[in-house]
Amino acid sequence: MKSFDSRFFYPSISLVATVRNWLSLALGMIVVLLVASQAPDARALSVAQMTVNGRANPLGIAADDISLAWAITAEVRGTVQGAYQIRVGTKAAGDDVWNSGRVVSDRQVDVTLPGDLHLQPATRYFWQVKVWDGAGVESKWNAPAWFETGLLSPADWSGAKWIAAPTTNTAAPRPLLRDVVSLAKQVKSARLYASAHGLYQLSINGQKVGDEFLAPGWTDYNKRIQAQTYDVTTLLQKGDNVIGAALGDGWYRGNVGMSWRDVYGNTLALVMKLQVTHTDGSTENFVTDEHWRSADGPFVQADLQDGENYDARLEQSGWDGVGFDASSWKSVTVVSDDLTKLVPRPDEPVRATEVLSARTRTEPKPGAYVFDLGQNMVGVARVKLPGKKGQTIHIRYAEELYRLGDRKGQIYTDNLRKAKAIDTYTFAHNESVTYQPTFTQHGFRYIEITGVDTPPATNNVQGVVLGSDLSDIGDLRLSNPMLNQLVSNIRWGQRGNFLSIPTDTPARDERLGWTGDISLFSPTACRYRDTRAFLSKWMDDLRDAQKPDGNIPAIVPQPQYQFNETGVGWSDAFITVPYAVWHATGDTRIVRRNWEAMKRFYGFVHDSATKDGNLLEEGRNSWFSGDWLSLENGKYQRLDEHKVIATAYFAENTRMMAEMAAALGETNQAAEWAALVPKIREAFVAAYRQPAGAIYTGTQTAYAMTLGMDMITDAAQREQTAGKFVEKLAADNFHLKTGFLGAPWLLPALTKIGRDDLAMRLLLNDDYPSWGFEVRMGATTVWERWNTIRANGEFGPVDMNSFNHYAYGAVGDWMFQKLGGLQMVEAGYKKSHIAPLVGGGSLSHAQCHIQTPYGSLASEWKLANGELTLAVTVPANTSAEVVIPAASTEAVREGNVAAVSAPGVKGATFKDGKVTLRVGSGSYKFVTRRQTSAKQAMLEGLDNKTH
Ligand code: BGC
């Protein structure tokens, strides 16, 4: 049965999400009745993987939209959820806040708490779930999980004031702030709530508070400033305690984008509240106010793009500890109060997620020591170096080394444009120190150190990886090293560019929330990391940036109204990003929260496309609405293609909105939009398809989008255009030429016209231009351009050339779905289609998994000794159709029995050399003799060609 979209495998639109849910529940119950002979006992059925707003046990969140999800672990195949019960209490295992009672439902994702619970600020709530399977077997209550609310309104800050150093000199060293907190009683628990204009790092009694970096993260500070919550119970002691804060420029007043400064203001400030609960139950609050003291600190410069300048001679030893004499420190000033903008940070913080050790040291010019971490990464260096009093060392960062000429082996930094990316450390004493910058971030693989007397040892140089700490949920491993490296490059691109917001590049003077880049990459991003909280936070940023006409700017957050103009393929992120998250997870929260704003944006798109009385989008144009950086274009793009791209996007937006409306239960709206989709497609074909089948400009992108997005509904017309597409590829010697907008559709379009062989051929190319070429040239992240490095080792155009730009990594979605074989039939893999492209391109093995909100979904296939083995794991309360190339249904075995008779297998069909098995949850291992169908022969022909 075809159901709704899996982007390119299942193009039709479902209008009956609600009905379908009920149907699947009913079906599931029937299935369980069928396997009731081996019904589980309560021990074998349990609840796991509990998340709140897409996060495990989140500390310090808003209370207005709590959304729960859980997975079920079950020993018996074909388990479904027949009912659930939730209890929420202020004590573990309590239900003083809410008890849902037994709810007959198979729903496990985006289960919301009633809106009238009046959750309190700064309160920890425990929650538990128990479930009944389809046969009525009841689980135990699981171990309690929790969420804790942050401060929810200005009043909750207990009069905390924004405080700043008493100077207007923005060139002064960045300030330190401190206060003494005296506690007369023993501490039972304590929370610290804080935020800043600029960046802040807090300490208590000399110890860093929390494990976050670059707090409070980036938002449009004119509208919304995130506050962090820290559990500081163990840092406090009875008696005197000192709270210290160091401030840095960050996005607030440092360099942002193309060297825009002071975007939100020029005064660094801190706001904080410490709430202490004593063992006797009493509570005390301490807040930032005029009693705090301030002094210049050792951070002479603290800029995200230019780097940090740390002068240890300005350190005041023990400044954030008890017993320090702060009498020379000055009183702080109180700055204007905007507590109303404070919101609890809703997503994962930026953390140090890994530390890479330098592998080699070279000295490409005298006194300049270059260390190679082996991986292009985002973060800062950690160096242990000896030095003399007053000696200054410079740490520079680069993604690449010159490969040619006199400077061969030296760091290449021209592509950073105005971002200086230099950290500087000045020694206070003759000593050895370990220095790790606090208030900056760089994109780099190489670290250059100058100013030292002796060459630093390789093992004293490390790279600390910083990024928003999203859970790692998926991976794909193949029997092809080049493709594995490509997957790794895509994953590192996501890690580095997901830093508080999704950015285009982490290195040069840009690092902006370009809407187009994440619009294209979000389906891939959702395969590898749990993006629910991170991208939902960015959707808050989009809402903040939405214009009165419903449109959004090209970059979000949008500093200083830069790139206010917006174009097709970029602003559409307002629809494509929530769609990608919902589609990957089945979690409707990101859609619900933004629905009204998304509808306003869609209204803008719709009005623009229909204002001339047709359904062709010829407006919504700006200087970057074409296929950015395509090889068939001018310098950046070709604008005469805009109409094709824009009208195709109009159809896609409409399709996605229809599906999301159905998921929210807005069936009339869903039906209306769904009915519009074919009409847009017909108008598109009438306008842009020539009688012989060619598409308008005849570029690869025009064909890829037309066929990938199902713009041609007539089978004969489609086949004719498919032929033209293949002709075009042949004319291009079967090498890609697409830019940002076309690249994600290239392989899906080939799959849709039945040419997986050509898709594999493009994917396996390793000469220019191709994904493989980047890998062959040594890339460890995905490049911005196909020619970021040329075959002769020269670097591409310096005006815009990043080595870590995830847009072309959008191919990761096709790889995951086709090579890993995990495709979606219903959102969140409630129903999946497991159909790996067995044997394509000489592959003999592929392993793929994703931790869905329902649990782990996995597939692993292997060709060996004339046998095909396909092992799959399907989460409880979901189902799958598993497609296996085989001679007949009987030729497939599972365990010791014929697959069709195996427990959990619900039926089988055989067609065109493939067996499709319908299975319920559980782990299965299918084995069959290897088949060589006509298609397989075609793929093997390809094997011969490419190897
Ligand atoms: C960015 C791109 C972005 C583009 C749009 C570039 O400078 O790095 O990724 O999408 O501009 O114009």
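The values are calculated or read from the model by the stated rules, or taken from the named source; none is laboratory data. These numbers were taken from a predicted model, which means no experiment stands behind them. For neighbour counting, all protein chains shown are included, and Cβ atoms are generated from backbone atoms with ideal geometry for every residue, glycine included. For the accessible areas, the whole protein counts, side chains as well, though only heavy atoms, and no ligand, DNA or RNA atoms are used. Shrake-Rupley method; radii C 1.70, N 1.55, O 1.52, S 1.80 Å.
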Quiz item: Within the accessible area of region 842-892, what % is carbon and sulfur when the probe is 1.4 Å and the other protein chains stay in place?
Solution: 45
Quiz item: If you take the square roots of the eigenvalues of the alpha-carbon gyration tensor of region 346-486 and sort them as a ≥ b ≥ c, do you get rounded (a/c under 1.5), prolate (a/b over b/c) or oblate?
Solution: oblate
Practice problem: Please report, as a whole percent, how much of the solvent-accessible surface of region 224-365 comes from carbon and sulfur atoms (probe radius 1.4 Å). | Solution: 43
Quiz item: How about Lys188: which aspartates and glutamates have a C-alpha closer than 17 Å to its C-alpha, ignoring those fewer than 8 places off in the same chain?
Solution: Glu148, Asp231, Asp240, Asp280, Glu284
Quiz item: Any idea how far the Cα center of region 123-180 sits from the one of region 541-558, in Å?
Solution: 27
Self-check item: Mean-position separation - Cα centroids, region 561-598 and region 825-849, in angstrom
Solution: 27
Practice problem: Under a cut-off of 19 Å between alpha-carbon atoms, report the aspartates and glutamates in cross-link reach of Lys547, not counting same-chain residues fewer than 8 places apart. | Solution: Asp220, Glu565, Asp572, Glu596, Asp607
Quiz prompt | Between 0 and 90°, nearest 10: helix 481-497 axis offset from the chain longest Cα axis | solution = 40
Quiz item: Based on the alpha-carbon gyration tensor of region 100-259 and its eigenvalue square roots a ≥ b ≥ c, which shape applies: rounded if a/c is under 1.5, prolate if not and a/b is larger than b/c, or oblate?
Solution: prolate
Practice problem: For the chain, state what percent of all Cα-Cα pairs lands in each successive 20 Å bin, counting from 0 Å until the bin that includes the largest distance. | Solution: 14, 43, 35, 8, 0
Practice problem: May I ask you to list the residues of region 647-677 whose amide nitrogen lies under 20 Å from a point 7 Å from Cα along the Cα→beta-carbon direction of Ala687? | Solution: 647-658, 673-677
Exercise. Kindly report the accessible area of region 645-800 per residue (heavy atoms of protein chains, probe 1.4 Å, no ligands, DNA or RNA), in Å².
Key: 29
Exercise. Calculate the spin-label point distance for Thr233 paired with Thr170, positioning each point 7 Å from the Cα along the beta-carbon direction, and give it in nanometres.
Key: 4.3
Quiz item: Residue-wise, which Karplus ³J(HN,Hα) couplings in Hz belong to region 305-313, taking 6.51 cos²θ - 1.76 cosθ + 1.60, θ = phi - 60°, and x for glycine or proline?
Solution: 9, 7, x, 10, 10, 10, 10, 5, 5
Quiz item: So which lysines can Lys130 reach, going by Cα to Cα under 18 Å and dropping same-chain residues fewer than 8 places off?
Solution: Lys91, Lys140
Practice problem: Along each of the three principal axes of the Cα atoms of region 297-358, give the extent in whole Å, ordering the values from largest to smallest. | Solution: 43, 39, 27
Exercise. May I ask for the angle, rounded to the nearest 10°, between helix 642-663 and the longest principal axis of the chain, with both axes built from Cα atoms and the value confined to 0 to 90°?
Key: 90
Practice problem: Have a look at Ala807, Pro853, Pro797 and report the one farthest towards the positive end of the charge dipole of region 749-873, computed about the Cα centre with Cβ charges (Lys/Arg +1, Asp/Glu -1). | Solution: Pro853
Quiz item: Among 158-168, 651-661, what's the highest-first ranking by average C-beta atoms within 10 angstrom per residue?
Solution: 651-661, 158-168
Quiz item: What is the extension gain from Glu794 to Asp453, computed as 0.36 nm multiplied by their sequence separation minus the C-alpha to C-alpha distance, in nm to one decimal?
Solution: 119.5 nm
Self-check item: Asn865-Glu138 FRET efficiency (beta carbon distance; Förster radius 56 Å; 0.05 resolution)
Solution: 0.75
Self-check item: Heavy atoms of Arg529: accessible area, 1.4 Å probe, square angstrom to 10
Solution: 40
Quiz item: Under a point spin-label approximation (7 Å from Cα along Cα-to-Cβ), what is the Asp714-Val180 distance to one decimal in nm?
Solution: 8.7
Quiz item: Where Lys and Arg each count +1 and Asp and Glu each count -1, what net charge lies around Tyr446 among other residues with Cβ under 12 Å from its Cβ?
Solution: 0
Practice problem: May I ask you to compute the full-extension gain from Glu596 to Glu565, defined as 0.36 nm times their residue separation minus their alpha-carbon distance, rounded to one decimal in nm? | Solution: 8.9 nm
Exercise. Kindly report the accessible area of region 90-199 per residue (heavy atoms of protein chains, probe 1.4 Å, no ligands, DNA or RNA), in Å².
Key: 40
Exercise. Just add up the charged neighbours of Gln85: K/R +1, D/E -1, any other residue whose Cβ is under 10 Å from the Cβ of Gln85.
Key: +1
Exercise. Take the Cβ-Cβ distance between Arg124 and Asp64 as r, set R0 to 25 Å, and report the resulting FRET efficiency rounded to the nearest 0.05.
Key: 0.90
Quiz item: How do Ser203, Ser471 rank by accessible surface area computed with a 1.4 Å probe, from largest to smallest?
Solution: Ser471, Ser203
Quiz prompt | For region 409-525, accessible area per residue (1.4 Å probe, heavy atoms of protein chains only), Å² | solution = 25
Practice problem: Please give the net charge around Thr167, taking every other residue with its beta carbon less than 15 angstrom from that of Thr167, where Lys and Arg add +1 and Asp and Glu add -1. | Solution: +2
Exercise. May I ask for the angle, rounded to the nearest 10°, between helix 17-34 and the longest principal axis of the chain, with both axes built from Cα atoms and the value confined to 0 to 90°?
Key: 70
Quiz prompt | Förster radius 51 Å - calculated FRET efficiency between Glu727 and Ser259 (Cβ-Cβ, nearest 0.05) | solution = 0.65
Quiz item: Using a probe of 1.4 angstrom, how much of the accessible area of region 52-118 is carbon and sulfur, in percent?
Solution: 46
Self-check item: Within region 403-434: backbone nitrogen closer than 20 Å to the Arg776 label point (7 Å, Cα to C-beta)
Solution: 403-404
